[in-house]
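Please read the structure below before turning to the comments.
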Amino acid sequence: MDWKEKYKNKIKHAETALNVIKNGDRVFIGGGAAQPQTLVKLLVERGKHLMDTEIVHTLTLGVSPYTSPKFADVFRHNAFFIGENVRGAVAEGRADYTPIFLSDVPKIIKSGLMPIDIALIQVSPPDDHGFCSLGVSVDIVKSAAETADIVIAEVNRQMPRTLGDSLIHIDDIDIIVESDLPLPEWPLNKEDEVANKIGEYVATLVENGATIQTGYGNIPDAVLQSLYDKKDLGVHTEMFSDGVVDLVNKGIITCDKKTIHKGKIIASFCIGSKKLYNFVDNNPMVEFHPSDYTNDPFIISKNNKMVAINSALEIDLTGQVCADSMGYVFYSGIGGHCDFMRGATRSKGGKPIIVMPSTAKNGEVSRIVPFLSQGAGVVETRGDIHYVVTECGIAYLYGRTIRERVLELINIAHPKFRTELLKKAKELNYIYQDQLEMSLKRDVVYPKQWETQAIMKDGTLIFFRPIKPTDELLMKEFFYSLSEESIYLRFFTIVKAMPHKRLQYFSNVDYKWTMAITGFIKEKGIEKLIAVGRYGMPRNSNMAEVAFLVHDDYQGIGIGKFSLNYLIKIAKANNVKGFTAEVLPENRKMLDIFYKSGYEIKSKLEEGDYHISFDFESVNKKYKKAI
């Protein structure tokens, strides 16, 4: 008998298709947009003849009537990941939750730890060789279909035919119910200013040629929207949505630089709009694989420059991340969170990134907290966390002390919670008791607009940005790497030590009356501080005192000149009228920078050093202003 004949013989009427389900059976339901809607409705109708039936699945987009209280004695749902449609049932104790890495779910199914009696799946119509595609959801569906005692498939004419390790033959299907239903669509997200800011920050961490993993929702969509200036991105992900399609169409995602599966988007499922489902249909650029492959951290790590982007609900000041519950209430699940974070950690040039808004409940509570809520689960430990991004900035925690982590996280907390967090951190002895608050005050906002890059006359690329309180360690390393001559020219004496009590005043500014711009280069992928320019203005004056310090190895390439001109630009924006400076006579390089700045310089030799001053409105016709 050929497969076509077998296919016809396996078709059952809706009324009798699920009669094979018995009391006490464990029934698996395909997830995501591939939930077999017709079979789910038939299952509920069959419920009047059943008792003690366990239903297992991950996130589904369709209906979940089996979680209704009226079916309490008939169905008991067990969620590997808690979707919105079953969240209430889990919270009220009418359904169960199994916390597990998504990469491990196929293992517990195939090993017999969680045997499947009945698998309800949805597939595409068969091809000429009798193979159906699992379509937009392969994830854990394939392992369930391969091991279940009975496989019941809804053959939907509208299911896209996806490629990869996504096929099941008619011989491996026991019962068929045909349908012709559109797949459920994931609604497009509304414009979200906070998400957009987070997306912009994340984009600065994504290099050309990187391979990315992201999910669905406002923040993942905003991240994708921020990547339009990138080149040759790849995708290896658990799931993806419409934003990936747009980047492919724009030539941003090519997958040409991937180190494994070159030229291919690798995923285990997708949810989105009709546009997305049309895109994956018979598209050789897209391969769907089971979750024990896509989510295997060792497979993920084979992608060089792997960037994993995952959301969190809250993070404590030491770096513990909760992503699956709100206190005692389970909200979602572990899913592929740890799989991809740990895979990216082991990737050459990889970056694991946690993203979240700085606040919740319409800004009433901080998501960055002194300690996690009682009952909250730790999805990622302190040792797992590298980057944390909110709309207020980027914190880097990997290899940092508790004190450094605390300052990094307070620095990206919402300004209105920073004073409270700083106070609590001191109570817990996480940070110095005399830690300054200047840069962390409620009304102080880090001025990201003053971040810039410049190429010096020898070709050195330098990244300039306003200083942060978290730069104290870098400032310490910078100071102790300077020659005695550079220290003397800056401080007018040989300073032998720069302890915290003194150093923290250099790394804390209010970004208006006091400002400092730091210059960084990258050495072996690590930022190295090589220059600092700063000004400070007394409250009763409109003139600010300016000073510069450049590492000995980078003097003479234009850093001082650039720093002066850039600080002038910033000072003008902050209504500073002009600059003053104290310069030693032997510091000819600094004097030349001032005299050749294009401003009318006034200088006076007093008590062994030059007192320099100039108004920003003044002009020296001999020299042209740089800015």
Hits in region 421-437 - residues which are under 25 Å from ALA360 (Cα atoms) and either in contact with a Cys (Cβ under 9 Å, 6 or more places away or on another chain) or touching a residue at least 12 places away in the same chain (Cβ under 8 Å) (or both): LEU421, LEU422, LYS424, ALA425, LEU428, TYR430, GLU437
Unique residue being under 23 Å from VAL307 (Cα atoms) and modelled with pLDDT of 95 or more when the list is VAL389, VAL365: VAL389
Tally, over region 492-508, of residues that are assigned to a loop (DSSP other than H, G, I, E, B) and either within 36 Å of the chain's Cα centre (by Cα) or not β-branched (Val, Ile, Thr) (or both): 10
Matching entry among ASP180, ASP221, ASP232, ASP192 (being more than 26 Å from SER291 (Cβ to Cβ), at pLDDT below 95 and not aliphatic (A, V, I, L, M)): ASP192
Test result for MET537, within 26 Å of LEU482 (Cα to Cα), modelled with pLDDT under 95 and aliphatic (A, V, I, L, M): no
Filtered residues of region 202-217 (kept if farther than 18 Å from ILE394 by Cα and out of contact with any Leu (no Cβ under 8 Å at 6 or more places or on another chain)): GLN213, GLY215, TYR216, GLY217
Number of the condition not met by LYS231 [criteria: (1) buried (at least 22 other Cβ atoms within 10 Å of the Cβ); (2) without any contact (Cβ under 8 Å) to a residue 60 or more places away in the chain; (3) over 19 Å from GLN449 (Cβ atoms)]: (1)
Subset tally (residues that are touching a residue at least 40 places away in the same chain (Cβ under 8 Å), of a type outside the set (A, V, I, L, M), under 30 Å from ILE467 (Cβ atoms) and part of a loop (DSSP other than H, G, I, E, B)) for region 370-402: 5
Selection count, region 511-557, where residues are out of contact with any Leu (no Cβ under 8 Å at 6 or more places or on another chain), polar (S, T, N, Q) and part of a strand (DSSP E or B): 1
Region 260-294 - residue that is surrounded by fewer than 18 Cβ atoms within 10 Å (Cβ to Cβ) and among the hydrophobic types (A, V, I, L, M, F, W, C) and, of those, nearest to LEU59 (Cα to Cα): MET285
Residue within region 295-304 that is aromatic (Phe, Trp, Tyr) and either surrounded by 22 or more Cβ atoms within 10 Å (Cβ to Cβ) or part of a strand (DSSP E or B) (or both) present: no
Some residue of region 234-241 being surrounded by fewer than 20 Cβ atoms within 10 Å (Cβ to Cβ), of a type outside the set (Phe, Trp, Tyr), touching a strand residue (DSSP E or B) at 6+ places or on another chain (Cβ under 8 Å) and free of Cβ contacts under 8 Å to residues at least 40 places away in the same chain: no
Residue identified as crowded, with 22+ Cβ neighbours inside 10 Å and either assigned to a strand (DSSP E or B) or at pLDDT 95 or above (or both) among VAL105, VAL86: VAL105
Count - residues of region 473-528 that are in contact with a strand residue (DSSP E or B) (Cβ under 6 Å, 6 or more places away or on another chain) and acidic (Asp, Glu): 1
Residue count, region 422-435 (criterion: surrounded by 15 or more Cβ atoms within 10 Å (Cβ to Cβ) and either within 23 Å of THR518 (Cα to Cα) or touching a helix residue (DSSP H, G or I) at 6+ places or on another chain (Cβ under 8 Å) (or both)): 6
Tally of residues being under 16 Å from the mean Cα position of the chain (by Cα) and outside any helix (DSSP H, G or I) across region 403-430: 2
Within region 357-369, tally of residues that are in a loop (DSSP other than H, G, I, E, B) and within 20 Å of the chain's Cα centre (by Cα): 3
Some residue of region 452-466 being buried (at least 18 other Cβ atoms within 10 Å of the Cβ), hydrophobic (A, V, I, L, M, F, W, C) and either under 22 Å from ILE570 (Cβ atoms) or in contact (Cβ under 8 Å) with a residue 60 or more places away in the chain (or both): yes
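Does region 564-573 contain any residue that is in a loop (DSSP other than H, G, I, E, B) and of a type outside the set (A, V, I, L, M)?
Looking through region 564-573, none of the residues is in a loop (DSSP other than H, G, I, E, B) and of a type outside the set (A, V, I, L, M).
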Candidate set: region 467-488, residues that are surrounded by 16 or more Cβ atoms within 10 Å (Cβ to Cβ) and under 21 Å from VAL583 (Cβ atoms); chosen: the one farthest from the chain's Cα centre (by Cα): TYR488
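Do any strands (runs of 3 or more DSSP E) lying entirely in region 161-266 carry at least 3 residues that are farther than 30 Å from GLU15 by Cβ, and which ones are they? Please lay out each step first, then the result.
On the way: elements: 167-169, 175-179, 211-213.
By residue number, 211-213.
Just to be sure, is PHE298 under 23 Å from the mean Cα position of the chain (by Cα), among the aromatic types (Phe, Trp, Tyr) and farther than 30 Å from ALA413 by Cβ? Give the derivation first.
Details: under 23 Å from the mean Cα position of the chain (by Cα): yes; among the aromatic types (Phe, Trp, Tyr): yes; farther than 30 Å from ALA413 by Cβ: yes.
Spelling it out, PHE298 is indeed under 23 Å from the mean Cα position of the chain (by Cα), among the aromatic types (Phe, Trp, Tyr) and farther than 30 Å from ALA413 by Cβ.
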Positions within region 538-573 being of a type in the set (Lys, Arg) and crowded, with 17+ Cβ neighbours inside 10 Å, in sequence order: LYS561
Residue that is nearest to the chain's Cα centre (by Cα), among those in region 180-201 that are crowded, with 17+ Cβ neighbours inside 10 Å and over 28 Å from CYS392 (Cα atoms): TRP186
Residues (in contact with a Cys (Cβ under 9 Å, 6 or more places away or on another chain), over 19 Å from PRO297 (Cβ atoms) and not basic (Lys, Arg)) located in region 249-264: GLY263
Of the criteria (1) at pLDDT 90 or above; (2) within 27 Å of ASP443 (Cβ to Cβ), which one LYS528 fails: (2)
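The values are calculated or read from the model by the stated rules, or taken from the named source; none is laboratory data. The structure displayed is predicted, hence computed values, not measured ones. Methodologically, a virtual Cβ is constructed for each residue, glycine included, from the backbone with ideal geometry; neighbour enumeration extends over all protein chains shown.
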